[in-house]
Amino acid sequence: MPIDPDAFLLTVFGVTVVGCLTKVVLAFVNRKSARALSPTDVLARLERIEHTVEATAVEVERLGEGLRFLTRLSSEAPPQAVEAPRAPLRVTTPR
């Protein structure tokens, strides 16, 4: 009995699609199970977050001090008048 080429290609395509879908579903299930963190992992992660927040607070305080310093400098120094050079009213061009 001869093999129908259309049926053969459809079977190969179907097996390939089912194999790919199975691989995707298994990867999703494995990824979901890997997400479960132990309490020690959670504590270590919280500690890293805590250090990051403290470092950010120190940097924000430094920025605030710099801003206060610049504000004090700009308020103490009297503005200096700068006289702009006056342009001549008429310009004589050579011919």
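The values are calculated or read from the model by the stated rules, or taken from the named source; none is laboratory data. Predicted model only: the values in this text are computed from it and were never measured.
Could you list, in sequence order, the residues of region 1-19 that are modelled with pLDDT of 85 or more and of a type outside the set (A, V, I, L, M, F, W, C)?
Thr11, Gly14, Thr16, Gly19
On the given criteria, is Pro94 outside any helix (DSSP H, G or I) and modelled with pLDDT of 75 or more?
Against the criterion (outside any helix (DSSP H, G or I) and modelled with pLDDT of 75 or more), Pro94 qualifies.
Give just the number: which of (1) among the aliphatic types (A, V, I, L, M); (2) at pLDDT 80 or above; (3) within 30 Å of the chain's Cα centre (by Cα) does Leu37 not satisfy?
Exception for Leu37: condition (2).
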